[in-house]
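Take a look at the structure below.
The values are calculated or read from the model by the stated rules, or taken from the named source; none is laboratory data. Keep in mind the model is a prediction, meaning the values are calculated, not measured. Heads up, the Cβs are rebuilt from the backbone with ideal geometry, glycines too, and the neighbour counts pull from every protein chain shown. Each accessible area value is taken on the protein alone, full model and side chains, heavy atoms only, with ligands, DNA and RNA left out. Shrake-Rupley method; radii C 1.70, N 1.55, O 1.52, S 1.80 Å.
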Amino acid sequence: MKAVILAGGKGTRLRPLTYSIPKPLLPIGRKPILEIIIEQLRDHDFKEIILTVEYKAELIRSYFRNGNGLGVNISYFQENRYSGTAGPIKQVEHLLDGEPFITMNGDLLTDLDFSKMYQKHSEESSELTVATANHNVEIPYGIIDMQDSKIAAVREKPTLKFLINAGIYILSPSTLDVIPKNDNFDMPDMIQALIDQERKVGTFFIDGEWQDLGTMESYEKMNQEKNGNMH
């Protein structure tokens, strides 16, 4: 089975670290985050890996090479310019076959069962399946609810709960027709386009670990947890 991993971002929110190291090569514990992702995919039988690369691509290529060392087959697609999170998938269409494939960001740590998500996609005959996760936002203030210009209630420092897009998808090749060629197009645009056309979009809830390596704070937290697990 095939996986397309988006590994071309500049990681601007993780500077100064990413001035010298591309975000997918930042270590979590003893391994780069992208190596952890590839090993997880391999363990779920996704052994054909396509990496879309741009920023410091030569470092990523020289680290992973053809994937033999990890028991997978890696091919690379060099992005010439930023084309969003869905644009590169259209550009690697020639490397895909007629089967559904997984696509994800190269900066996620999760214990998601990729095989189960793939199975659900097939069983439900979805064209696109979106992984979802819970995200809580703690408001550090008292929230005032107003009604008719009067205070109706006060909620002290509430926690708001949201269901978020986890940045992991299973796509059937039929979905690629909604992605314009050589244009900026993001996954939320793709999801919306399919919904607007009343095509089947399913979800798969991650009932476990999910973190994205978006900020210095999240990177430090990931490493603390990983190092804690090693002791």
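Scanning the range 132-176 for residues that are surrounded by 10 or more Cβ atoms within 10 Å (Cβ to Cβ), free of Cβ contacts under 8 Å to residues at least 40 places away in the same chain and outside any strand (DSSP E or B) yields I139, K157, P158. Within the range 205-217, the residues that satisfy the criterion of being at pLDDT 80 or above and open to solvent by less than 30 Å² (accessible area, probe 1.4 Å) are I206, Q211, L213. Of everything listed in (1) open to solvent by 40 Å² or more (accessible area, probe 1.4 Å); (2) assigned to a loop (DSSP other than H, G, I, E, B), the single unmet condition for G84 is (1).
All conditions but one from (1) among the hydroxyl-bearing types (S, T, Y); (2) open to solvent by less than 60 Å² (accessible area, probe 1.4 Å); (3) closer than 27 Å to S172 by Cβ apply to Y55; the one that does not is (3).
In the set (1) over 30 Å from G29 (Cβ atoms); (2) open to solvent by less than 30 Å² (accessible area, probe 1.4 Å); (3) modelled with pLDDT under 90, L128 fails one condition alone, (3). Here Y118 clears all of (1) loosely packed, with under 12 Cβ neighbours inside 10 Å; (2) closer than 24 Å to H44 by Cα; (3) among the aromatic types (F, W, Y) except the condition numbered (1).
Considering only residues in the range 177-201 that are of a type in the set (D, E, K, R) and without any contact (Cβ under 8 Å) to a residue 40 or more places away in the chain, the one that is most open to solvent (accessible area, probe 1.4 Å) turns out to be E198. Within the range 72-81, if we keep just the residues that are open to solvent by 50 Å² or more (accessible area, probe 1.4 Å) and in a loop (DSSP other than H, G, I, E, B), the residue that is modelled with the lowest pLDDT turns out to be R81.
For the range 1-23, the set of residues classified as within 20 Å of L171 (Cβ to Cβ), surrounded by 19 or more Cβ atoms within 10 Å (Cβ to Cβ) and among the aliphatic types (A, V, I, L, M) consists of A3, V4, I5, L6, A7, listed by residue number.
Scanning the range 139-178 for residues being within 20 Å of F46 (Cβ to Cβ), hydrophobic (A, V, I, L, M, F, W, C) and modelled with pLDDT of 90 or more gives a total of 4. Condition check for L26 on (1) surrounded by fewer than 23 Cβ atoms within 10 Å (Cβ to Cβ); (2) out of contact with any strand residue (DSSP E or B) (no Cβ under 7 Å at 6 or more places or on another chain): one failure, at (2).
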